[in-house]
Structures are given as C-alpha cells and as structure tokens.
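Here's the structure, in structure tokens; my notes come after.
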Amino acid sequence: MHAWRAAALAFLALAFPSLAPAGFQEGVAAHQRGDYPAAFKEFKPLAEQGVAEAQFNLGVMYRQGLGVGQDFAEARKWYRKAADQGHAKAQLNLGTLYAQGMGVKADPAEALKWYKRAAEGGLPAAQRILGEAYARGEGIGRDLVLAHAWLSLAEKRGDPEAPALLREAAAQMTPGELWEAQRLAEGWARRQTGEIPLFRRP
C-alpha cells in the first residue's frame, strides 16, 4: 500500500548517556564501529531485563541481520516488547512488519494500530503514514480532516514527505474542514504526549 512505505529502522543511542544502563553505551559504540556481535552481546541481557531501548535495538539487529541471522519473527518479538512500553520507534517498526508481512501474515488493521500509537507518541514518520492512510482510505475510513491534522503534525516535526501530502489533502477540502483539521492539530500540539487521547473523532 502506498501509505506504508518502509518505515525508518534507525538504531537508537540515548540522548543522555549518563542515564543509560551499564553496557548500553558500550553496545552503541560497538555498533558504530561495525562490531555487531559485540553490540548484540551488550544489548541482549539488557533487553531481557526489560530495557526498552535495548529491546528496540535488538529488534533492529534481527530485522537487518546485524551480528545475528536475519529473523523477522525475533525482530517482531523484541519490537513488541519495547512497543508495549510505549517506545514509539518500536511501534512504528512493528507496524511496518505487519504492513509488509515480514515474519507474520500481513495485517493492515494491526499495522495501523501500531502506526497510530507511534503517531500519538509524536513520531513524525508515523504521523505521516497515518495521515496518508486517512487521506487515501487505505485500511481505514477515508477522512481528510484527520489526514490533514496528522500530516500537519508530521510537517511541523520535520517529516520531508509530509508537505506534498498535506497540499494534496488540502486541495480536496472545504474551508470548514481545513479549520477543523487545524484546530485538531493545534490542540494536540499544546498537550504533552500521552496525557490526553489525541483525536476523539472515530
């Protein structure tokens, strides 16, 4: 489906190294120098202890076959563990596995569920994917107001593909629909992520 192009599978390094659990930065450093087996060795016990960032990175390594054999089922398992803890990138990548049928039967509804959670977590790529899905009615009811709202959020957060999609949606909307979409997006932007459900429309 057009809206579900491959999502980013970026490796995660904590923004505040002092907050990282022991071994995490060592894993990141090993990954950066291309020593993937060493990185895997550092991340695996942390992931098993429930560290979401390590679980996400393990998912990336299984997805890409870095330091371990490529295994989509294992990638899904570790993404899911991190996603259940609210890790937005893991939610995005989990959605992509379901969207593309990687290691699991393709399931558009399940993909959209995880894309929406990642979008609600503030991830621009997920906001753009969800906005495009609403704009095209792919796996979800077509709704240009919600499409514009999500795409507007993605654009403001720097997603490079969002502006063109936003213009495309806006060209099909009435002034009233545009006003409602802007109101929804601005209301979300004033809230702290996760405190209040984003959009209450079905």
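Read-outs: derived from the displayed coordinates by stated rules, not from any lab. For clarity, every value in this text was computed on a predicted model and none was experimentally measured. Note that each Cβ is placed from the backbone with ideal geometry, even for glycine, and that neighbours are counted across all protein chains shown.
Compute the whole-percent fraction of alpha carbon pairs in the stretch 71-136 spaced more than 15 Å apart.
Roughly 44 percent, rounded to a whole number.
Could you derive backbone 3J(HN,Hα) for the stretch 67-79 from the dihedral phi with the Karplus parameters 6.51, -1.76 and 1.60 (θ = phi - 60°), listing whole Hz in sequence and x where the residue is Gly or Pro?
x, 7, x, 4, 8, 5, 5, 5, 4, 4, 4, 6, 4
Report, in listed order, any pair from Lys41/Lys156; Lys89/Lys156; Lys41/Lys116; Lys77/Lys113 with a Cα-Cα distance greater than 28 Å.
Violating the 28 Å Cα-Cα cut-off are Lys41/Lys156; Lys41/Lys116.
Lys/Arg Cβ at +1, Asp/Glu Cβ at -1, dipole of the stretch 24-115 taken about the Cα centre: which of Ala109, Phe24, Val60 is farthest positive-ward?
The listed residue farthest towards the positive side: Ala109.
So what are the stretch 124-173's ellipsoid semi-axes, whole angstrom, largest first, if each one is the square root of 5 times an eigenvalue of the alpha-carbon gyration tensor?
15, 12, 8
Taking 10 °C and 1.306 mPa s as the conditions, I'd like the Stokes-Einstein D for the stretch 64-202 in µm²/s, using the Kirkwood hydrodynamic radius from alpha carbon pairs.
Numbers: Rh = 15.4 Å.
Reported coefficient: 103 µm²/s.
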